[in-house]
1. Counting only residues that are among the charged types (D, E, K, R) and open to solvent by less than 20 Å² (accessible area, probe 1.4 Å), how many does the range 11-41 have?
2. Restrict the check to the range 56-67 and report whether at least one residue is closer than 25 Å to Asn3 by Cβ, of a type outside the set (Lys, Arg) and not in a loop (DSSP other than H, G, I, E, B).
3. Report yes if Leu70 is open to solvent by 40 Å² or more (accessible area, probe 1.4 Å) and either modelled with pLDDT under 95 or not charged (D, E, K, R) (or both), otherwise no.
4. State yes or no: is Trp52 more than 14 Å from Met96 (Cβ to Cβ) and of a type in the set (Phe, Trp, Tyr)?
5. Given (1) in contact with a His (Cβ under 6 Å, 6 or more places away or on another chain); (2) open to solvent by 30 Å² or more (accessible area, probe 1.4 Å), where does Thr59 come up short, assuming only one miss?
6. Would you point out the residue of the range 73-99, among those that are touching a Gly at 6+ places or on another chain (Cβ under 9 Å) and among the charged types (D, E, K, R), that is farthest from Asp19 (Cα to Cα)?
7. For the condition over 22 Å from Asn3 (Cα atoms), charged (D, E, K, R) and in contact (Cβ under 8 Å) with a residue 60 or more places away in the chain, what is the one hit in Asp19, Asp33?
8. Give just the number: which of (1) out of contact with any Ser or Thr (no Cβ under 7 Å at 6 or more places or on another chain); (2) outside any strand (DSSP E or B); (3) crowded, with 17+ Cβ neighbours inside 10 Å; (4) among the hydrophobic types (A, V, I, L, M, F, W, C) does Ile8 not satisfy?
Amino acid sequence: MTNLFEKIEKENNGMVEKDGRNYILTQVAYREDGHYEAMAVCKQDIPDEEGWVPGYRVTWEIREDYNPELQEEEDACNWDEAESVEEEGEYDLINMRNV
């Protein structure tokens, strides 16, 4: 099932490490209620026999000095340091979808 994680990595939405665990983003991060967030899966999780793993919501704090009128979104957050990672739902590695 490791190759299923590789399939998600090829989507190139990004990766983040938090508390010693490596998360692969399953979507592009988007702005929501004063922060950025995206769904992810954790490479350390072992898929069940049907290819399901827990889903995670990753959030990033927006930098205080970020000015969206003058700066690109890539400068909005410290993307290497997620504010939080919370388990939420499940992810189907075979069909590449959050539930």
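1. Residues of the range 11-41 that are among the charged types (D, E, K, R), as a first pass: 11, 17-19, 21, 31-33, 37.
When the remaining residues are screened for being open to solvent by less than 20 Å² (accessible area, probe 1.4 Å), the result is 37.
Qualifying residue count, the range 11-41: 1.
2. Checked against the condition, which is being closer than 25 Å to Asn3 by Cβ, of a type outside the set (Lys, Arg) and not in a loop (DSSP other than H, G, I, E, B), the range 56-67 yields at least one hit.
3. Working: open to solvent by 40 Å² or more (accessible area, probe 1.4 Å): yes; either modelled with pLDDT under 95 or not charged (D, E, K, R) (or both): yes.
So Leu70 fits the description; yes.
4. Working: more than 14 Å from Met96 (Cβ to Cβ): no; of a type in the set (Phe, Trp, Tyr): yes.
In short, no.
5. Going through (1) in contact with a His (Cβ under 6 Å, 6 or more places away or on another chain); (2) open to solvent by 30 Å² or more (accessible area, probe 1.4 Å) one by one, Thr59 breaks only (2).
6. At the first step, the residues of the range 73-99 found to be touching a Gly at 6+ places or on another chain (Cβ under 9 Å) are 79, 87-95, 98-99.
Adding the requirement that they be among the charged types (D, E, K, R) leaves 87-88, 90, 92.
On the way: Glu87: 14, Glu88: 17, Glu90: 20, Asp92: 24 Å.
Filtering first and then ranking leaves Asp92.
7. Asp19
8. Unmet for Ile8, out of (1) out of contact with any Ser or Thr (no Cβ under 7 Å at 6 or more places or on another chain); (2) outside any strand (DSSP E or B); (3) crowded, with 17+ Cβ neighbours inside 10 Å; (4) among the hydrophobic types (A, V, I, L, M, F, W, C): (1).
The values are calculated or read from the model by the stated rules, or taken from the named source; none is laboratory data. This structure is a prediction, so every number in the text was calculated from the model and none was measured. Please note: Cβ atoms are built from the backbone with ideal geometry, for glycine as well, and neighbour counts cover all protein chains shown. Surface areas here come from the heavy atoms of the whole protein model, side chains and all, with no ligands, DNA or RNA. Shrake-Rupley method; radii C 1.70, N 1.55, O 1.52, S 1.80 Å.
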